[in-house]
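Following: one structure in structure tokens, then a few remarks.
The values are calculated or read from the model by the stated rules, or taken from the named source; none is laboratory data. This structure is a prediction, so every number in the text was calculated from the model and none was measured. Ideal geometry is used to build each Cβ from the backbone, glycine not excepted, and the neighbour counts take in all protein chains shown. Ligands, DNA and RNA are stripped out before the accessible areas are found, and what is left, the full protein with its side chains, is counted by its heavy atoms. Shrake-Rupley method; radii C 1.70, N 1.55, O 1.52, S 1.80 Å.
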Amino acid sequence: MALKFMTAEEAASIINNNYNVGFSGFTHAGCPKVVPGFIAKRAEEEHAKGNPFKINVFTGASTGDKLDGMLTRANAINFRAPYQTNNDMRSAINKGDIKFCDLHLSTMAQDIRYGFYGDIDVAVIEACDVTEDGEIVPTCGVGISPTVARLAKTVIVELNRWNPKEMRGMHDIQEPQDPTNRQDMPVYNVKDRVGMDCIKVDPSKIIVVETNEPNEGGGFAPVDEVTAQIGKNVAKFFVEEMAAGRMPKTFLPVQSGVGNIANAVLAAMGDSKDIPDFEVYTEVIQDAVIGLMESGRVKFASGCSLTVSNPCIEHIYKNLDFFKERVVLRPSEYSNNPEIVRRLGVIAINTAIEADIYGNINSTHVMGTKMMNGIGGSGDFTRSAYLSIFVTPSVAKGGKISSIVPLVAHEDHSEHSVKIIISEYGVADLRGKCPEDRAQEIINKCAHPDYRPLLQEYIKNAPQGHTKFDMYNAFAFHKAFAETGDMHNVKWEKKA
């Protein structure tokens, strides 16, 4: 049957107040860039008339400013899940203007299928190709697209000509079955494919909006002395693990989070002559992976998105034959699936906002209350990884904040899941250690030297127990920063 074509404004007019709308993409990669702007415009027009207009937004992860940013600034979002990185949205969430549900990314699609959030009214999917029989080929991000496209009453396809339709063949699209019929997810090697090269839906519910919009992929901050040293410490640790026989000499698949520290870690691994060529099983494939792939250091990469800079994605598009043999993009239910992570023996490397002296990790909340981005996929990988590693600079804000504290102000990953913490000062190996020994390992290996005496003083004054916890002073570092702007200015409270 012939597909229906509309302008972006006409398509946006289908979306009404309080609709549940699922969007494609995973980070800025693969998210729609035109229809959201017209949804925002409609919200502003309705608000000017005194009418309510807000939608509930479901995505694979964060998106670009043309989605999260524009909708936020138009006050067009009531509810948002599962992850975001937009400054305006972050501010709105922390003001209480947007209801935000922070989720493990692997659970978003299945929770929608289970009916936890109600029906999906409309799905908006960016594609590089769409056929009359309902085959939708995603661009450089998959996320929850297969699920929301199948369940939505209407599917708006942003057919973005900026992305070549020759991308077809890079994707592996499959939805797992739900309980009680759920079967094994047969990914036994990083390269394994289990699904189709497209999303297949009823063509009668597809509306096509033609666009030609570049990605929103900016570059990452350059590697500085601290992040470079963290990368070197990670690489050195891996070499020592192989020498000790605790890691196969053939190495294991690697997952790394988003950002400049992750890029620094991958660069250091690539530079190490003692680390063999390796595979990547991750959620976001970044610039560093592409460079290592071309040099032969990364043999294959499985992910949910190509979260790369625009020059990098343009380079990939010019060399698709090379990269289609070495990259596969999957839905987040597969890229982040804990069962597959455990099976493959993935090494998980993620970034912490802060860690406490016992190994608990805060990935999400600054000072315990202000949402930064969200837990993302870090929990999906941490609990099931062969090795769960968290990296962090020892200090922030010019040394006024210690990233190692007596007790994290918000806990996303407990001490039971965290095996290794690495800062620019060294590697804290927490495996097989009691709380007291973990504390000494973290303080002496990862904390900034300026804060080590204060952390030792906390332990000295804490009541004796299996875990030395002082309820009067556990948040003394945070209190000092809140009151003086510097964690060095700790004032210990004495028990009454």
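Values as computed for the structure displayed
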{"read-out": "Residues ASP97 and GLU225, FRET efficiency given R0 of 56 Å [Cβ-Cβ distance, rounded to 0.05]", "value": "0.90"}
{"read-out": "Approximate spin-label separation PHE469-ASN18, in nm, with each point projected 7 Å along Cα-to-Cβ", "value": "4.2"}
{"read-out": "Per residue value of the accessible surface for the chain (all protein chains in place, 1.4 Å probe), Å²", "value": "39"}
{"read-out": "Spatial separation of Cα centroids for the stretch 61-98 and the stretch 138-217, in angstrom", "value": "24"}
{"read-out": "TYR114-ALA244 pseudo-label distance in nm [points 7 Å out on the Cα-to-Cβ vector]", "value": "3.7"}
{"read-out": "For log10 I(q)/I(0) by the Debye sum over Cα atoms at q = 0.05, 0.13 Å⁻¹, calculated from these coordinates, the label among (1) -0.23, -1.08; (2) -0.20, -1.21; (3) -0.20, -1.38", "value": "(2)"}
{"read-out": "Accessible-area composition of the chain, carbon plus sulfur, in percent [1.4 Å probe]", "value": "49"}
{"read-out": "Calculated FRET value between LYS273 and LEU320, using beta carbons and R₀ = 51 Å, to 0.05", "value": "0.95"}
{"read-out": "The chain, relative contact order in percent, only Cα pairs under 8 angstrom and at least six apart counted", "value": "13"}
{"read-out": "Student exercise, the chain dipole from Lys, Arg, Asp, Glu Cβ charges, in Debye to nearest 20", "value": "880"}
{"read-out": "Three-way shape call for the stretch 1-155 based on the alpha-carbon gyration tensor, with the a/c threshold at 1.5", "value": "oblate"}
{"read-out": "Among ASN336, GLY465, PHE26 the positive-end extreme of the charge dipole of the chain (Cβ point charges)", "value": "GLY465"}
{"read-out": "Sequence-distant residues sharing a close amide H with LEU159 (under 5 Å, placed H)", "value": "ALA127, VAL209, GLU210, THR211"}
{"read-out": "Protection proxy ranking, peptides 82-88, 415-421, average beta carbon neighbours within 10 Å, highest first", "value": "82-88, 415-421"}
{"read-out": "The stretch 396-465-the stretch 226-254 distance, computed between alpha-carbon centres (Å)", "value": "21"}
